[in-house]
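Read through the structure below, which is laid out as structure tokens, and then see the notes.
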Amino acid sequence: MASLIPGYEYDIFISYRQKDNKGERWVSEFVDALKTELESTFKEEISVYFDINPHDGLLETHNVNASLKEKLNCLVFIPIISQTYCDSKSFAWQNEFVAFNKLSKEDPFGRDIRLTSGNVASRILPVKIHDLDPEDKTLLENELGGVLRSIEFIYKASGVNRPLSPNDDAKENLNRTQYRNQVNKVANAVKEIITAIKKHNQQDGEVLKEVIKVKPDPPKNLKVKIVTGSLLVLVLIVLGYFFIPKLFKSSKTVEKSIAVLPFKLLSDEPDKQYLADGMMEAILLHLQKFKDLRVLDRTSVEQYRQTQKTTHIIGQELGVEYLLEGSFQKAGDNVRLDVRLIYARKQSNKWANEYDRNWKDNFAVQSEVAQTIAKELHITITPEVKQLIEKIPTKNLTAYDFYQRGTEELVKYQVDRNNMAALEQAENFYRKALEYDSTFAKAYTGMAIIYWSKHFFKEYFSKNFLDSVLILSNIALTYDNRLSEAYVVRGQYYSEIGKSDESLKEFDEAVQLNPNDWMAYMSRGELYIKSDFVKSLENYLKAISLTRDSKLPGLFRGISVVYSFAGFKDKAIYYIKEKIKLDNDSLAYYNNLGFAEETNGNYSNALSLYKRSYALDTTNIDVLWRIGNTYVFLEKYNEALKWFKRFLKHPDYFGYVSIVGHNRIGLAFWKNGFKDEARLYFEKHVNYLTRADELGRTSQGSFENAYDIAGVYAFLGEKEKAYEKLRFASRSQIENLYFSTYVKNDATFESYRNDPVFQQYVRDVEAKYQAEHERVRKWLEEQGTGTLK
């Protein structure tokens, strides 16, 4: 029977070792089952070459002849990969497998075919019936020039390595595969390949019909037409030079993006889920190293752990092109990993593979999967990145097990910041890991992250953990100086103590090592607020593109603050309403909306929003301060003092002393007739801020403190001191924008309103504000609609 495509002898050629068809005749049975499946898959008859009779067919002792070459002239080549097939001296290997691999590359269609889905598949479709020795797998992959992708017919059980049979119970098979399903996979794969070849063949025919035309008679006045045509081409070239770049200036390279969904555990042992999650996270971290691939963080996908949503919907919700699904199982020292790379929009497989390895090889598997995905997506794998993802974090598998447990608990805390028990448990597991490997850099980093988290819960923990953050991150980088997570946490330490330059260096290093580290981008965005709004926005927007974690209001508040200070109220409110997504019932939601209104001078609207926050939590110190401060701008000093008094009595008051605008507390006392109390407060506040600046303890920065002190001096009539502090405060770009709103409305400067020096100061501040506003506006225009992604 001829092939579906003219010029080919067969549609399918099945290659196998005669040894694998003795006894139960597994290959013969498979061929019969495949032919039956093909009949229900194709409308046409599919021709299959299978050397069913070893006595009359092409024996392994025969030489290659013209007859075999004709038979190898097929569309799809199916080798039955076994423990005996990968023998470079065997007839099947040398004269069938290697021969077809060479012939297909010289074929008009080539060996690798682009499917209708856009994916690429090889015309060599391996069927694997045994687990292979490493040297056999290497032999195969060297010949194929890439990773072995096969459809497996392997019955997996402890100590067993045999082909899957039709009567095997899938429940007892550790692979959970069924013979009939695997046969169906082969038939469907064959159909995809042949359909693509047929389509390609038809397209070639259509092209030929268009190209082959009768040669027309030579036109008259050929010389004139050639000159005219040449001039026209020249004009088009000139126009193209000047105008085409403008037309395409805003176009961007198509971005490749991926999210790694939580891996499923293929066993009834929920306490082992951390192993599947550990494999998932390791592959995710490897993928994050590729600069040309946008990779979402882990907490973004936790919501899909038990989802029934389609991959198309998940891809839309996460804003990514591709999804990686996986399942994992560990039985003794053996592990099995199944992974599928899915093109989300079409819900089609881009690539899939199954890995059956020893547990000690799990690091190699993690690296292999990441590199294969990069190749499938045509992502460049630089030598530096390859070295990063192939680095083994620890040689002690017990230490690695405890590290995975610790990371699992840390993620629980990151998903629920109130889960302090998970944070404590994570610390215990990391300590255990370090007991087994005292050089385990990732475990030290995990500990540093825990102490950083504890630093923000001083009321829950009794110690100050900030110094430990620096010590642990330094130790981690001593053992592995290319660990991006350690640079991030060390950068956070420097930021917290007010060393912005050192902090920025750490975040820059982290981004170099991990271009998908949203935390590093967010931290850089926060630092750049003080100096460069455009850079701040670039980093915040990059961070937002890498995470869909709705429990990160600080991230969206940061970008909202930048837009507010730069004079883009609508965009500021957008990132609060559309991105925080907290159902309009949270402190973060109302406080941030109120702040956007406040910075635009809409004090009545701000007050209404702040009071809605207070209704949710009457003990929140931030809300008490905001309400009192807003009443001052509304010149309702009696109400302002009531709220400020509550603020001053709050147990966390000293943590808020350096916030800009506390001079207005003294003003509220003064306006209510408590002048002694006002002077006392002004004196204490100035002394505190001055001392804090000298000690370098104010993370807010001395420019904001200078503005506050200037307000105090202005109110007390010490003009020279007030102007000295104002000149110092205006050196910071962020304060110029901040003060452009407040300085004109701040009642502490009311006696200076008509002073020419003060008026010039206001004009200078507003000029800087307008210049920065215009710079941000131009940047937004260059970004197009990207600002509201």
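The values are calculated or read from the model by the stated rules, or taken from the named source; none is laboratory data. Note that the structure is a prediction, hence the values are computed from the model and not measured. Counting neighbours? That spans all protein chains shown, and the Cβs are built from the backbone with ideal geometry, glycine included. Please note that ligands, DNA and RNA were not included when accessible areas were found on the heavy atoms of the full protein model with its side chains. Shrake-Rupley method; radii C 1.70, N 1.55, O 1.52, S 1.80 Å.
Give me the helices (runs of 4 or more DSSP H) completely within the stretch 436-539, filtered to those with at least 2 residues that are touching a Pro at 6+ places or on another chain (Cβ under 9 Å), at pLDDT 95 or above and surrounded by fewer than 19 Cβ atoms within 10 Å (Cβ to Cβ), ordered by residue number.
Values: elements: 441-455, 466-479, 484-496, 500-513, 518-528.
Of the helices (runs of 4 or more DSSP H) lying wholly inside the stretch 436-539, none has at least 2 residues that are touching a Pro at 6+ places or on another chain (Cβ under 9 Å), at pLDDT 95 or above and surrounded by fewer than 19 Cβ atoms within 10 Å (Cβ to Cβ).
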Name the pairs: first residue in the stretch 380-400 and free of Cβ contacts under 8 Å to residues at least 40 places away in the same chain, second residue open to solvent by 50 Å² or more (accessible area, probe 1.4 Å) and of a type outside the set (Asp, Glu), Cβ to Cβ under 6 Å, at least 6 apart or on different chains? Thr398/Tyr436
Return the pairs, sorted by first residue and then second, in which the second residue is small (Gly, Ala, Ser) and open to solvent by less than 40 Å² (accessible area, probe 1.4 Å), the first residue lies in the stretch 530-549 and is over 13 Å from Ala520 (Cβ atoms), the beta carbons are less than 7 Å apart, and the residues are 6+ apart or on different chains. Lys530/Gly701; Lys530/Ser732; Phe533/Ala566; Ser536/Gly525; Arg548/Ser300; Asp549/Ser300
Counted residues, the stretch 122-149 - those being modelled with pLDDT under 90 and part of a loop (DSSP other than H, G, I, E, B): 8
Inside the stretch 671-789, counting only helices (runs of 4 or more DSSP H) that do not spill past its ends, which hold 1 or more residues that are modelled with pLDDT of 65 or more and β-branched (Val, Ile, Thr)? 675-695, 702-716, 733-742, 756-783
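Tell me, yes or no, whether the stretch 319-326 has at least one residue that is open to solvent by 20 Å² or more (accessible area, probe 1.4 Å) and within 11 Å of the chain's Cα centre (by Cα). Full working, then the answer.
Kept after step one, since they are open to solvent by 20 Å² or more (accessible area, probe 1.4 Å), are these residues of the stretch 319-326: 319, 321-322, 325.
After this cut, where a residue has to be within 11 Å of the chain's Cα centre (by Cα) as well, the list is 319.
Yes, that holds for at least one residue.
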Which one of these does Thr380 not meet: (1) more than 30 Å from Leu174 (Cβ to Cβ); (2) open to solvent by less than 70 Å² (accessible area, probe 1.4 Å)? (2)
Restricting attention to the stretch 76-109, which residues are surrounded by 17 or more Cβ atoms within 10 Å (Cβ to Cβ) and in a helix (DSSP H, G or I)? Phe91, Ala92, Trp93, Asn95, Glu96, Phe97, Ala99, Phe100, Asn101, Ser104
Taking the stretch 1-31 and keeping only residues that are closer than 22 Å to Cys86 by Cβ, open to solvent by 50 Å² or more (accessible area, probe 1.4 Å) and in contact with a strand residue (DSSP E or B) (Cβ under 8 Å, 6 or more places away or on another chain), one is left with none
Determine the pairs where a residue that is more than 18 Å from Lys391 (Cα to Cα), located within the stretch 350-368, has a partner that is among the small types (Gly, Ala, Ser) with Cβ atoms under 9 Å apart, the partner being 6 or more residues away or on another chain. Lys350/Ser117; Lys350/Gly118; Asn353/Ser150; Glu354/Ser150; Arg357/Ala364
It is to be established whether one or more residues within the stretch 479-487 are in contact with a helix residue (DSSP H, G or I) (Cβ under 7 Å, 6 or more places away or on another chain) and either among the aromatic types (Phe, Trp, Tyr) or more than 21 Å from Gln288 (Cβ to Cβ) (or both). yes
Yes or no: the stretch 632-650 includes at least one residue that is basic (Lys, Arg), modelled with pLDDT under 90 and open to solvent by 10 Å² or more (accessible area, probe 1.4 Å). yes
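Residue-wise test of (1) under 17 Å from Ile450 (Cβ atoms); (2) in contact with a Leu (Cβ under 9 Å, 6 or more places away or on another chain); (3) without any contact (Cβ under 8 Å) to a residue 24 or more places away in the chain.
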{"position": "Leu470", "(1), (2), (3)": "yes, no, yes"}
{"position": "Val488", "(1), (2), (3)": "yes, no, no"}
{"position": "Gln492", "(1), (2), (3)": "yes, no, no"}
{"position": "Gly498", "(1), (2), (3)": "no, no, no"}
Quick count over the stretch 408-428, residues being over 15 Å from Trp452 (Cα atoms), of a type outside the set (A, V, I, L, M, F, W, C) and part of a helix (DSSP H, G or I), is 5
